[in-house]
1. How about region 123-176: which strands (runs of 3 or more DSSP E) wholly inside it have at least 1 residues that are over 25 Å from the mean Cα position of the chain (by Cα)?
2. Give all pairs with beta carbons closer than 7 Å in which a residue from region 153-170 that is within 20 Å of Ser257 (Cβ to Cβ) meets a residue that is of a type in the set (Ser, Thr, Tyr) and modelled with pLDDT under 95; count only pairs at least 6 apart in sequence or on separate chains.
3. Can you tell me which condition Thr114 does not meet? The list is (1) at pLDDT below 95; (2) on the phi > 0 side of the Ramachandran plot, and all the others hold.
4. Let me confirm something: among Glu143, Glu177, which residue is in contact with a Lys or Arg (Cβ under 6 Å, 6 or more places away or on another chain) and of a type in the set (D, E, K, R)?
5. If I go through region 179-233 residue by residue, how many of them are within 24 Å of the chain's Cα centre (by Cα), polar (S, T, N, Q) and part of a helix (DSSP H, G or I)?
6. Output the residue which, of all residues in region 286-304 that are in contact with a helix residue (DSSP H, G or I) (Cβ under 9 Å, 6 or more places away or on another chain) and over 19 Å from Ala180 (Cβ atoms), is surrounded by the most Cβ atoms within 10 Å (Cβ to Cβ).
7. Find all pairs meeting these conditions: Cβ atoms under 7 angstrom apart; at least six residues apart or on different chains; first residue within region 177-192 and within 14 Å of Glu228 (Cβ to Cβ); second residue near the ligand (Cβ under 9 Å from one of its atoms).
8. Please state which of the following conditions Gln263 fails to meet, knowing it meets all the rest: (1) within 30 Å of Thr40 (Cα to Cα); (2) modelled with pLDDT of 95 or more; (3) not charged (D, E, K, R).
Amino acid sequence: MSSEAPSFLIIGAGVFGVSTAYHLIKKYPNASVTLVDRDTYDAESRVAASWDWNKAVRADYDDIVYCQLALEAQDVFKSDPLWKPYFHETGVYWICRSDYAQDVINNYKKLGRTADLAAYPIEEARKMYGGLFEDADYSGAKEVLINKTSGWAAAGDCLRAVTRKAIELGVKYVAAEVSALQVDKNRHCSGIKTATGTILEASHVILCTGAYTPKLLEFSAATSGFAELRAGPRIVAGGITTGMWKVDDESYERFASMPVGFQGYNAESGAFIGSLPPTKDREMKWWGQTIFKNTREVLPGRFISAPPNERDYAQWKVSGKLKEDIQYASNVFYGKKSAHWTHEKHRICWQV
Ligand SMILES: Cc1cc2nc3c(=O)[nH]c(=O)nc-3n(C[C@H](O)[C@H](O)[C@H](O)COP(=O)(O)OP(=O)(O)OC[C@H]3O[C@@H](n4cnc5c(N)ncnc54)[C@H](O)[C@@H]3O)c2cc1C
């Protein structure tokens with residue numbers, strides 16, 4: 001590093017970019033920290049996967065490294081006044097078709113963490129929470145993991161609040177589309193070029209561009225001549241559908257304090273899917289099990305999966321088939337009673 005004060009250019013203001021900016025400015029209050037995103041942080045609609053009605057906040061991972069990192073994040077959600085208002089400790093209800101529950105419980109033990117979590121036999125679990133999940137799909141299920149210390153967060157609201165705080169502390173927010181990285185002949189990345197031709201420079205450039213990353217690296221490889229910048233199979237963009245149902249008054253009573261539901265399908269039976277409790281607008285959310293690629297020729301002879309070219313990733317254009325994915329998701333949690341629920345909002349969420 002040079003003797004000059006470090007400067008940081010962070011591309012992408014989703015959860016990774018904003019968190020990086022926030023922590024950098026706290027650690028180096030005199031540094032120049034700039035967040036660049038194609039969308040303003042308070043835009044009506046954003047493409048960030050992190051910009052969402054809600055997201056599960058959990059440490060129920062069978063991978064111990066994930067479990068430890070998520071426990072640290074959850075500690076922040078539960079104690080830091082910046083995050084705390086957005087976290088809801090509703091617990092999670094995880095229908096397990098493998099040794100998942102035992103692996104999670106063992107991870108907590110190995111990490112020396114005590115929490116209200118246990119594995120329940122299916123017949124006992126389906127009677128819990130007033131029988132909310134009694135009609136769920138338990139085919140092939142071994143047991144149900146209930147972790148009362150997990151929950152969900154109002155993701156978009158929280159992201160906005162932390163972004164505002166970072167700006168208040170001195171982070172600069174630039175709304176611009178980045179078209180390529182600036183890489184010199186010594187393979188040093190000195191900054192970025194925006195779609196309108198502006199060059200922004202910094203001693204450190206950090207990419208937090210989510211699903212757009214492989215495409216940005218592909219363009220950067222083409223403009224710099226360094227083929228090794230390409231992501232190749234290391235980073236692949238995929239889309240998943242989410243859908244919302246406005247809960248009627250009668251059902252709201254039942255669902256208001258429900259845990260986050262997970263259907264732990266596996267490699268043979270499909271990706272895991274989830275059901276999130278109603279938001280303050282009384283909307284319940286599901287995500288579906290179809291994870292799809294959008295592989296296109298982005299440059300002559302270069303085929304990669306990337307979000308659609310539209311400015312908003314065409315995230316609100318959801319096909320009938322993908323909407324069925326959400327109907328299916330509600331069905332495997334709530335059975336017949338979900339048949340008349342109309343999912344009014346659908347969005348495709350792009351991530352890597
Ligand atoms: C359907 C679905 C459900 C999920 N549920 C959960 C959950 O319940 N709990 C959980 O923890 N995780 C969940 N995830 C995963 C989580 O959403 C992502 O891991 C996380 O949001 C990724 O954050 P990010 O900052 O990397 O990317 P993003 O949030 O996608 O942010 C990337 C940012 O980069 C910007 N950007 C990209 N390219 C450019 C460019 N060229 N120029 C300028 N700006 C650019 C975008 O505008 C965007 O704001 C879910 C993901 C999906 C798809």
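1. Counting at least 1 such residues, we get 143-147.
2. Ala154/Thr279
3. Looking at each condition in turn, Thr114 falls short on (2).
4. Answer to the check: Glu177.
5. 1
6. Taking region 286-304 and keeping what is in contact with a helix residue (DSSP H, G or I) (Cβ under 9 Å, 6 or more places away or on another chain), we get 286-290, 292, 298-299, 302, 304.
Imposing the further condition that a residue be over 19 Å from Ala180 (Cβ atoms) reduces the set to 286-290, 292.
Values: Trp286: 28, Trp287: 24, Gly288: 24, Gln289: 19, Thr290: 19, Phe292: 13.
Applying the filter and picking the extreme gives Trp286.
7. These pairs meet every condition: Leu181/Ile192.
8. (1)
The values are calculated or read from the model by the stated rules, or taken from the named source; none is laboratory data. Treat the numbers as computed from the prediction; the structure is a model and nothing was measured. FYI the Cβ positions are ideal-geometry reconstructions off the backbone, even for glycines, and counts take in every protein chain you see.
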